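Read through the structure below, which is laid out as structure tokens, and then see the notes.
The values are calculated or read from the model by the stated rules, or taken from the named source; none is laboratory data. Please read all numbers here as calculations on a predicted model, not as lab measurements. Heavy atoms of the whole protein, side chains included, go into the accessibility calculation; ligands, DNA and RNA do not. Shrake-Rupley method; radii C 1.70, N 1.55, O 1.52, S 1.80 Å.
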Amino acid sequence: MFPTPALWFLFLVGAFAFSLRDFAGTSMGSLGSLFLQNAHGYDPKWTGLALSGMFLSSAISNPIFGGLSDRRRNGWTTFVLLVAAAMVVVLPRVPSRWTIRCLSCTAFSSCPVIP
């Protein structure tokens, strides 16, 4: 499939990086509930609201970034990955009143963009 070892290495590094992105993106829904209830003291109502906002923003962003990636695929892929990585780093450190906004932004930037 790839004629040189360097291309194989580049492919494997890229596959590993995208696997981490998908692992972090899918864990936000399941572990977000535990995080909100244990770390921020949310009750089930607010936890459900936060997770609903997260999934709603993801459903909105998917067609937007899908259409944008048709024009400038590498630029939008890089932008989305950088924003998603920044939000994963920032989320545990924000005050409780910013948590729902950050979760929504994380889900908005975690939509699948095909590289």
(request) For Kirkwood radius over Cα pairs in Å, several values are listed as [x] 13.5; [y] 14.7; [z] 15.2; flag the one computed from this structure. (result) [z]
(message) Suppose a student asked you for the relative contact order of the chain, using Cα pairs under 8 Å spaced at least 6 residues apart; what percent would you report?
(response) 32
(request) Whenever you get a sec, compute what percent of the accessible area on the chain sits on carbon and sulfur atoms (1.4 Å probe). (result) 72
(message) Give me log10 I(q)/I(0) at q = 0.30, 0.32 Å⁻¹ for segment 51-92, Debye formula, one equal scatterer per alpha-carbon, no solvent.
(response) -1.02, -1.04
(request) Helix by helix through the chain, keep the DSSP H runs that span 24 Å or more along the axis on Cα and average at least -1.0 on Kyte-Doolittle, and give those back in order. (result) 5-39, 44-69, 73-90
(request) Per DSSP H run of n ≥ 4, the term is -39500 (n - 2.57); total these for the chain, divide by its residue number, and report the mean residue ellipticity at 222 nm rounded to 500 deg cm²/dmol. (result) -27500 deg cm²/dmol
